[in-house]
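Enquirer: Sharing a structure with you now.
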Amino acid sequence: AADIPEDLTEILVTEEEIRSKLDELAARVAEDYAGKDLLLIGVLKGAVMVMADFARALPFSVPMDWMAVSSYGASTKSSGVVQIRKDLDTDLHGKHVLIVEDVIDSGLTLSWLLENFASRGAESIEVLALLRKPEAAKVEIDCKYVGFDIPPEFVVGYGLDYSERYRNLRDVAVLAPHVYA
Ligand code: PRP
Ligand code: MN
Ligand code: MG
């Protein structure tokens, strides 16, 4: 759309870099979970693009479930208050769960999800996140599969939104401050 370029200051991660990183992570996951009952859980809505490309980079068929939570709403800061908008359809007992996320910012969303899933009897729980902002962490998240560490800027694209916009950008880019000022 014509409104997009002027809303962005810099492309941080390109479509090509995302693709090759997800291929790399998929190869690691395929090896680590060989012979195991793996369940991918995507965190709606941000993780949709990561899930679509990561899952298709795996060399075997794998079930996907989705949890819809939201802590940001239309704000640029995490409230820390996590709301469930859609729960899982799957019983986690005996499952090796891999949570698929677009970004770890403060870590509050994942910290809440990890605790929530642990109480449902999963055999193991790991996290895959395309992006992580180490300098924004309020809680430490043990994330086994990280795509890119990025600075604590407001980024959009490849699933990440500002007020539900920009999710369909192919790259990850920094949002110009005038957009949310
Ligand atoms: C965003 C993002 C992560 C979370 C990360 O989701 O997709 O899920 O925030 O932030 P945190 O580490 O500070 O908790 P959001 O709540 O905006 O919902 P969305 O995925 O529907 O955009
Ligand atoms: Mn999200
Ligand atoms: Mg969001």
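Enquirer: In the stretch 14-115, what chymotrypsin sites (Phe, Trp or Tyr not before Pro) fall in a loop by DSSP, with at most 12 other Cβ atoms inside 10 Å? Walk me through the intermediate numbers first.
Expert: Values: sites: 33, 54, 60, 66, 72, 112; in loops: 33, 60, 72.
Qualifying residues, ordered by number: 60.
Enquirer: List the lysines whose Cα lies under 30 Å from the Cα of residue 95, skipping any in the same chain that are fewer than 8 positions away.
Expert: 21, 36, 45, 86, 133, 138, 144
Enquirer: Taking the Cβ of each residue in 51, 64 as the centre, tally the other Cβ atoms inside 10 Å and list the residues starting with the fewest.
Expert: On the way: 51 22, 64 13.
Least to most surrounded, the residues fall as 64, 51.
Enquirer: Note down the net charge around residue 129, summing +1 for each Lys or Arg and -1 for each Asp or Glu among other residues with Cβ under 9 Å from its Cβ. Mind dumping the intermediate values first?
Expert: Numbers: positive: 132; negative: 101, 102.
Around residue 129, the surrounding residues sum to -1.
Enquirer: Here is a further query. In what sequence do 99, 4 fall when counting other Cβ within 10 Å, fewest first?
Expert: Working: 99 23, 4 14.
So the residues, fewest neighbours to most, are 4, 99.
Enquirer: Moving on to the next point. Please give the calculated 222 nm ellipticity per residue for the chain, where each DSSP H segment of at least 4 residues contributes -39500 (n - 2.57) and the sum is spread over every residue; nearest 500 deg cm²/dmol?
Expert: Taking each H run of at least 4 residues, the total per residue is -7500 deg cm²/dmol.
Enquirer: Turning to a different aspect of this structure: What whole-number distance in Å separates the alpha-carbon centres of the stretch 24-56 and the stretch 112-137?
Expert: The two parts, judged by their Cα centres, are 13 Å apart.
Enquirer: What spacing in nm lies between the two simple spin-label points modelled at residue 91 and residue 68, each 7 Å away from Cα in the Cβ direction?
Expert: 2.5 nm
Enquirer: Related question: Antiparallel as a % of all DSSP beta bridges within the chain, to the nearest 5? Mind showing how you got there, number by number?
Expert: On the way: 11 of 33 bridges.
Taking every DSSP beta bridge with both residues in the chain, the antiparallel ones total about 35 percent.
Enquirer: Sort 144, 86 by Cβ crowding within 10 Å, fewest neighbours at the top. Walk me through the numbers before you get to the answer.
Expert: Working: 144 14, 86 10.
Fewest-to-most ranking of 144, 86: 86, 144.
Enquirer: Could you work out how much longer the chain between residue 60 and residue 44 gets when fully extended? Use 0.36 nm per residue separation minus the Cα distance between them, nm to one decimal.
Expert: On the way: separation 16, 0.36 × 16 = 5.76 nm, distance 2.29 nm.
Gain on stretching residue 60 to residue 44: 3.5 nm.
Enquirer: Under 10 Å from the Cβ of residue 96, count the other residues' Cβ atoms, weight Lys and Arg +1, Asp and Glu -1, and hand me the total.
Expert: On the way: positive: 36, 95; negative: 32, 37, 123, 126.
Result for the local shell: -2.
Enquirer: Work out which GluC sites (Glu not before Pro) in the chain are exposed loop sites (DSSP not H, G, I, E or B, at most 12 other Cβ within 10 Å) and give the longest gap free of them. Provide the component values of the computation, followed by the final result.
Expert: Numbers: sites that count: 140, 164.
The answer is 1-139.
Enquirer: Further question on the same structure: State which helices in the chain qualify, where a helix is a whole DSSP H run, it must extend 18 Å or more along its own axis by its Cα atoms, and its mean Kyte-Doolittle hydropathy must be at least -1.0. Walk me through the numbers before you get to the answer.
Expert: On the way: long enough: 15-32 (25 Å, -0.92).
Long hydrophobic helices here: 15-32.
Enquirer: Right, next: Starting from the Cα-Cα distance between residue 154 and residue 32, subtract it from 0.36 nm times their residue separation and give me the gain in nm to one decimal. Present the calculation step by step, with values, prior to reporting the outcome.
Expert: On the way: separation 122, 0.36 × 122 = 43.92 nm, distance 3.26 nm.
Full-extension gain reported as 40.7 nm.
Enquirer: Next up: Quick one: if you stick a label point 7 Å off each Cα along the C-beta vector at residue 181 and residue 9, how many nm between them?
Expert: So the label points at residue 181 and residue 9 sit 1.0 nm apart.
Enquirer: Net charge near residue 141, counting Lys/Arg +1 and Asp/Glu -1 over other residues with Cβ under 12 Å of its Cβ?
Expert: Combined, the nearby Lys, Arg, Asp and Glu give -2.
Only the coordinates and a few stated rules stand behind these numbers; no lab work does. Computed from a prediction, not measured in an experiment: that's the story for all the values here. Cβ: placed from backbone, ideal geometry, glycine included. Neighbour counts: every protein chain shown.
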